[in-house]
Amino acid sequence: MAMLVAMRASAAAATAEMGVGHRGIRRLFSTLGSSSFPADQSTKPPPAEPSTNLFVSGLNKRTTSEGLKEAFGKFGEVVYGRVVTDRVSGFSKGFGFIQYATLEESAAGIQGMDGKFLDG
């Protein structure tokens with residue numbers, strides 16, 4: 001009990017030195033402020049800048065890098081393609097990366113493969 005009182009006293013002294021009152025500390029450490037959440041939940045984030053690098057998710061665990069390159073190669077020149085695999089099993093972790101030569105090919109790949117199934 002004496003230690004708790006001493007801790008409270010030292011905390012009060014520290015806040016007095018900083019010039020922050022009891023309510024100021026709560027406000028300082030509060031994570032739920034009015035600016036934390038947007039008022040309108042229907043607002044969408046701004047669209048991303050165009051890039052030749054694509055992140056591909058939702059892949060089957062049997063999808064290979066060669067299969068991914070082949071599927072996206074229908075829409076342009078694929079410079080780089082890789083499926084991220086598990087070290088132990090060697091199966092896909094469900095995502096990968098594709099890099100096209102140009103932005104136009106990248107946009108065509110996005111349009112062509114968006115929502116499509118690959119390897120089931």
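The values are calculated or read from the model by the stated rules, or taken from the named source; none is laboratory data. Remember, it's a predicted structure, so these values are computed and weren't measured experimentally. Backbone-built Cβ (ideal geometry, glycine too); neighbour counts: all protein chains shown. Each accessible area value is taken on the protein alone, full model and side chains, heavy atoms only, with ligands, DNA and RNA left out. Shrake-Rupley method; radii C 1.70, N 1.55, O 1.52, S 1.80 Å.
Take the residues of region 87-120 that are part of a loop (DSSP other than H, G, I, E, B), open to solvent by less than 60 Å² (accessible area, probe 1.4 Å) and under 18 Å from residue 60 (Cα atoms): which is modelled with the highest pLDDT?
Checking each candidate, the answer is 90.
Out of region 63-112, which residues are touching a residue at least 24 places away in the same chain (Cβ under 8 Å) and at positive phi?
76, 94
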